[in-house]
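Q: Please find one structure pasted underneath; my questions will follow.
Any read-out appearing in this document is the output of simple, stated calculations on the displayed coordinates, not a laboratory observation. The structure displayed is predicted, hence computed values, not measured ones. Backbone-built Cβ (ideal geometry, glycine too); neighbour counts: all protein chains shown.
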Amino acid sequence: MIAQNSIQEVMNRADILEVLGQFIRLKKRGANHIANCPFHNEKTPSFYVSGAKGIYKCFGCGKGGNVVTFIQEHEKLTYPESIRWLADYYKIELEESEKTPEQQQQQLAEESLRILNEWAAQYFQDTLLNTDEGQAIGLSYFKQRGYKKDIIDKFRLGYNPEEGHAVYKAGKQKGYSAELLEKAGLVKNRNGQYYDVYRGRVIFPIQSMTGRVLGFGARILKSNEKAPKYINTPENELYNKSRILYGMYQSRQAISKLDECFLVEGYTDVISLHMGGVENVVASSGTSLTEDQLRAIGHLTRNLTILYDGDAAGVKAALRGLDMALGQSFNVQLVLLPEGEDPDSFIQKSGAARFHEYVKENKQDVIGFRMEVGMRDVGNDPVKKSKLVNEVAESISRINKAEDFALQDHYIREASRKLSVDEAGLVNLINKYIRERIDQESRQKRTTERLPEQEAYPEYDTITEPQPEIQKKSSDEAQEWQLIRVLIEHGAKVMEGYANAADFIYQRIDPDLIETPMARQLFDIYFAFREAYQTVPDMSYFVSYPDQQIQQQMSNFMQAGEDVSPKWKENYGIETMHGDLNYINEVESPVAYFEIKKLKGIQAEVWERIGKEQDPTRMAALMKKFLELKESEKDMLKRMHTVIFKMRN
Ligand code: ZN
């Protein structure tokens, strides 16, 4: 367990803008920063970050929280792991409180792979640079490829000795168990003997976005028909092939800065491009793109340019997974390299200037590329042609028409010309695919839709004259959260006749009327703090409160704009007010709401007694009382009309 004071230190040090800036492109807007949300796909930013409050909130998908929840969500880590991540980032030494043996065991298992990989990467690099064999075999291979010391360091390249047990012996000596070494893919057991899996190979460590070593790729140097050219780490807790993009750690800043990501196939393609000064490049290891990989790229840019060599395998790989990218609003371009060249050989031969020139001249969009490759294959076969037309129509249908109307239109004309089909027929086909997808989506939506919330006191609607019903416009729960938000945001501010706004709320509101358990809990925490310290807590106290749900809730208090709902004016003629004293209205509004709620509670009691009362005199008195209560409610509502209502939904 991490000691509480250490967690506090991390929370105090961690700057939300700095940390989030490692993963997404933040732009300043007013008091906040905005970005395209990393948790859902979008083209226009609805992800807001408040540097001052230390919280973020997405108004598209609803995700929100503080710097720790961001790391948890984004890096798929647990709470303590996220604290460790941040401590690591800020070089803060964590104090550990007592752990149970089970916790120790658990943590050990989680971190041991990470530690072992880090050690192994170091070992491989030391062997490459500082041993005779490493220099003679590994280093000379890299030198022959033109790799200099700086690029070897940048990608942490290494070498595994040929002898057969070198890594096993060195690892055992360091105290790593044979099981762990095997799990990490470094050694293998054959007939009771452990031998090095990567023996005689050069090593490419595969790093996470934050630079952690997740696994290795190892390339053979001697020609051997039976052995594979590359061996990779087997899938384990750290190494998950579908999530990995080689070079992400070294390239992410350039990708973000240049707003474009090149995608290549191999490790050496990435390294050679870096050497040639093209640093916005990652490799997908030859497989088709996965959703996880696209998401990782999408955090940094929506412009994806795929560089492929002319051989058939490369082309096929390029086409897989691209419909997914189109559907996620990526601007995908393809560049087919000259015959016989891969990105590695091409940049080494022609240099960066010619490379950029070539890319610019040969960029082709996915659909155009698909049509060209497809037409080559179709020949005079009508069945093949019909299949191709359908495929192209399906791809075009994935372009979001509202956002990219011109682009879709362009493709339709292009496809009609290149495939020699009728434009109107093609449009019909595209519309068919769009309709099918909409049907499918709405079917999914229907099953997840929630029932409307029950209205408060519905029985009164039938017996009283129509009147503005607060509850109808905004649920009780929203009003309760509104109260807590106002309390935390404005509690310390001046309120005439009271110590401060918090005191006003404390004296006027009956906490038992707060029905949402967490809102009540926050109300109680707030005033317990005031009781103990004779001052009110501010937002930062709750943002770093050691309860994740509370931290999470704080981000919900953030909002895009200070919009007063136009509906209020429309429905009730409520005028809005501007200026510094706005907070007074913000404080008065939930207080008035709770006063009406209290009144409605008394009304409900009286109404219940009327229903049970048999004696006509007492019944008449209760009726009179009930009507009086209705009158005061009306007065109260009238008074409320003079304050601003803000909708917080
Ligand atoms: Zn979102």
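Q: Work out how far the C-alpha atoms of the stretch 2-152 reach from end to end along every principal axis, then list the three figures in whole Å, largest first.
A: Each principal axis gives a Cα extent; for the stretch 2-152 these are 58, 45, 24 Å.
Q: Show me 418-431, 153-166 ranked by packing, highest mean number of other Cβ atoms within 10 Å first.
A: 153-166, 418-431
Q: Hey, another quick one. How big is the stretch 123-230 on each of its three principal axes, counting only the C-alpha atoms and giving the largest first in Å?
A: 41, 36, 24
Q: Here is a follow-up. Tell me, in nm to one decimal, what length is gained between Arg413 and Glu81 on full extension, where the rule is 0.36 nm per residue of separation less the Cα-Cα distance?
A: 114.3 nm
Q: A follow-up question, please. How long is the gain from Lys28 to Ser288 if the chain were fully straight, where each residue apart is worth 0.36 nm and the alpha carbon distance is subtracted?
A: 90.0 nm
Q: Further, regarding this structure: Roughly what would the spin-label model give for Glu608 and Glu477, points 7 Å off Cα along C-beta, in nm?
A: 2.4 nm
Q: Specify the inter-centroid distance of the stretch 358-425 and the stretch 509-533, based on alpha-carbon positions, in whole Å.
A: When both Cα centres are located, 61 Å separates them.
Q: Can I ask one more? Between the stretch 200-251 and the stretch 1-70, how many Å separate their Cα centres?
A: 31 Å
Q: Extension gain Glu111-Glu179, at 0.36 nm per residue separation less the Cα-Cα distance, in nm?
A: Gain in length upon complete extension: 23.0 nm.
Q: How many nm is it between the label spots at His165 and Val494, if each spot is 7 Å from the Cα in line with the beta carbon?
A: 8.3 nm
Q: Mind scanning Lys222/Lys349; Lys27/Lys432; Lys43/Lys183; Lys154/Lys174; Lys149/Lys257; Lys174/Lys226 and naming the pairs with a C-alpha gap bigger than 30 Å?
A: Pairs exceeding 30 Å: Lys27/Lys432; Lys43/Lys183; Lys174/Lys226.
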